[in-house]
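**Q** One structure coming up, written as structure tokens, with questions to follow.
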Amino acid sequence: MTTGKAKGTNGGPGGDAPGHPDELMAEIERTRAELGDTVDALAAKADVKTRAQQRAAEVSGQLKGRVDEVKAGLTSRAGQLKGELAGKAGQTRQAVTERGKTALGASQPTAQRARQRAAQAGTSAWQAAPEPVQKGARRVARTVDEHRIPAIAIAGATVLAGWLAIRWLRR
């Protein structure tokens, strides 16, 4: 005597469960939600263009960060070199002043030799400079010749600014 129902399809052993259709509907809804999530994940993996754009944005961000790091390092190193150069310029200025005092008391040929050495050093430095640097120097010299008063004012302002910067750094 069968009633047309298969064994075990009534929701539990031994009889009909009163909420069986509701449980079945809830299970179907859960399965649909999981299936929707799976389809979305597969669609995202299949969208190569979007993935490539995301990766490009990620790499771009990393590169920008690295550029900022390098820039900061170079700025720091430039500051260090500037300080070292200022220190060496001060030492050189002092040495030249001391040597100049001894040379001033010496005979005229010593002063002439110093001028000749300075001219030779200038000539060799000029010859060692690249062509664009030489052109720039010529242009600056021409501009200074044409506008002496503003050039003197700019040079004075530069010296004053340098002196103030050195005083400020020594505090």
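Just so it is clear, none of the values below were taken in a lab; they were calculated from the coordinates. Keep in mind that what you see is a predicted model, and the values were worked out from it rather than measured.
**Q** If you average 1/r over every pair of different alpha-carbon atoms in region 46-85 and take one over that average, what Kirkwood value in Å do you get?
**A** Computed over region 46-85, the radius equals 12.3 Å.
**Q** Continuing with this model, one more query. Using modelled backbone amide H atoms (1.01 Å from N, in-plane), which distant-in-sequence or interchain residues come within less than 5 Å of Ala129's amide H?
**A** Those qualifying (amide H under 5 Å, at least 5 residues apart or on another chain) number zero.
**Q** Right, another one. Rounded if a/c is under 1.5, else prolate if a/b is larger than b/c, else oblate: which is region 130-171, with a ≥ b ≥ c the root eigenvalues of its Cα gyration tensor?
**A** oblate
**Q** In whole Hz, with x marking every Gly and Pro, tabulate ³J(HN,Hα) for region 71-85 from phi via Karplus 6.51 cos²θ - 1.76 cosθ + 1.60, θ = phi - 60°.
**A** 4, 5, x, 5, 4, 4, 5, 5, x, 4, 5, 4, x, 4, 5
**Q** Decide, for region 28-171, between rounded, prolate and oblate: order the square roots of the alpha carbon gyration tensor eigenvalues as a ≥ b ≥ c, take rounded if a/c falls under 1.5, and otherwise choose prolate if a/b is larger than b/c, else oblate.
**A** The shape class here is prolate.
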